[in-house]
1. Which one of L108, L100 is assigned to a helix (DSSP H, G or I), without any contact (Cβ under 8 Å) to a residue 60 or more places away in the chain and touching a Leu at 6+ places or on another chain (Cβ under 8 Å)?
2. Could you say which residue among S50, S27, S43 is outside the structural domain of A218 (by TED's automatic domain parsing) and small (G, A, S)?
3. So is T201 under 30 Å from S53 (Cα atoms) and over 21 Å from the mean Cα position of the chain (by Cα) or not?
4. Any chance segment 155-165 includes a residue that's under 25 Å from the mean Cα position of the chain (by Cα), assigned by TED's automatic domain parsing to the domain that holds F133 and among the small types (G, A, S)?
5. Any idea which of V146, V151, V168, V174 is at pLDDT below 85 and touching a Ser or Thr at 6+ places or on another chain (Cβ under 7 Å)?
6. Please go through segment 16-43 and give me each residue that is modelled with pLDDT under 85, surrounded by fewer than 11 Cβ atoms within 10 Å (Cβ to Cβ) and more than 20 Å from N211 (Cα to Cα), ordered by number.
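The values are calculated or read from the model by the stated rules, or taken from the named source; none is laboratory data. Note that this is a predicted model, so its numbers are computed, not measured. Positions of Cβ are generated from backbone atoms using ideal geometry, with glycine treated the same way; all protein chains shown enter the neighbour counts.
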Amino acid sequence: MSSIRLLGARLVFGGALLGIWELVTRSGWVDRDFLPEPTAIASWLGEALSDGSIHRNAIATGMAMFLAFVIGSASGILVGVLFGQFQRVAAVVSPFIYFLNALPRVALAPLLILYLGISIWSKVSLGVSIVFFVLLLNTVAGLRSVDPDHVKLAKLNRFSARQVFWKVSLPTAVPTIFAGLKLSAVYSLLGVVVSEMVASTSGLGQLIIYNTNTFNIAGVYGTLFILAMLALILTSCMDIAERKLLSWQRFS
């Protein structure tokens, strides 16, 4: 199927879903207090865009999410590379890593807010706590997936340890690392929104809580739509970057 036909099919399918949704709510089969019509959600989005509330809160969430993604990804990949290179250290530390990764992040949110205050850094830190472990584990898994025969062949060709890492180990691990980056793009948003829902002065998570407390269900669904679109944009950007950077795999 061509890209144009695929896009057309998706638009038709999405339009049909929205039409059924509108029909179900307008006919009274579902209470509008629980599931508002798509037109009501669109009306709220128009008002929120015109008064600037979406822009302000989306920028606050986006900035915290970007920082959480960059800091968590960079630190997770770095520590993962160190663990991959120094396996004895990894064997000692790994039980503690698994223990920390098992902690529920929602339970950490109040503590982080207590330590860092109601600021951008409490949101960033919660996002980092998720992204870091995703990239750490994916990086270690990618480095461990290297074929030992490839390493032996590189050493027979008198590759130094640094050359083996850059020319054999890292290229093999890159697809697994990218899989972690794609997950982390969404998880960083998840961590930030959870922190905003616990306590925040701005952000899309705080906007969801405000609309819930004021019984503005259309506003809740509208904010969820913005979050879904933001996550879709993030994953699409990661897909494009992956295709560009891993184009060599098609010829390997």
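1. On the way: L100 fails: touching a Leu at 6+ places or on another chain (Cβ under 8 Å).
Exactly one residue qualifies, and that residue is L108.
2. Numbers: S50 fails: outside the structural domain of A218 (by TED's automatic domain parsing); S43 fails: outside the structural domain of A218 (by TED's automatic domain parsing).
Of S50, S27, S43, the one residue that is outside the structural domain of A218 (by TED's automatic domain parsing) and small (G, A, S) is S27.
3. Values: under 30 Å from S53 (Cα atoms): yes; over 21 Å from the mean Cα position of the chain (by Cα): yes.
When the stated conditions are applied, T201 passes them.
4. no
5. On the way: V151 fails: touching a Ser or Thr at 6+ places or on another chain (Cβ under 7 Å); V168 fails: touching a Ser or Thr at 6+ places or on another chain (Cβ under 7 Å); V174 fails: touching a Ser or Thr at 6+ places or on another chain (Cβ under 7 Å).
Every option except V146 fails the conditions.
6. S27, G28, W29
Let's see how each residue does on (1) closer than 22 Å to T223 by Cα; (2) touching a residue at least 12 places away in the same chain (Cβ under 8 Å):
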| residue | (1), (2) |
| --- | --- |
| L11 | yes, no |
| W21 | yes, yes |
| S27 | no, no |
| F34 | yes, yes |
| I41 | yes, yes |
| G46 | yes, no |
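Per-residue answers, yes or no, for (1) surrounded by 11 or more Cβ atoms within 10 Å (Cβ to Cβ); (2) aliphatic (A, V, I, L, M); (3) assigned by TED's automatic domain parsing to the domain that holds V192; (4) over 11 Å from T139 (Cα atoms):
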{"position": "F83", "(1), (2), (3), (4)": "yes, no, yes, no"}
{"position": "Q87", "(1), (2), (3), (4)": "yes, no, yes, yes"}
{"position": "A90", "(1), (2), (3), (4)": "yes, yes, yes, yes"}
{"position": "I97", "(1), (2), (3), (4)": "yes, yes, yes, yes"}
{"position": "A102", "(1), (2), (3), (4)": "no, yes, yes, yes"}
{"position": "R105", "(1), (2), (3), (4)": "yes, no, yes, yes"}
{"position": "L108", "(1), (2), (3), (4)": "yes, yes, yes, yes"}
{"position": "L111", "(1), (2), (3), (4)": "yes, yes, yes, yes"}
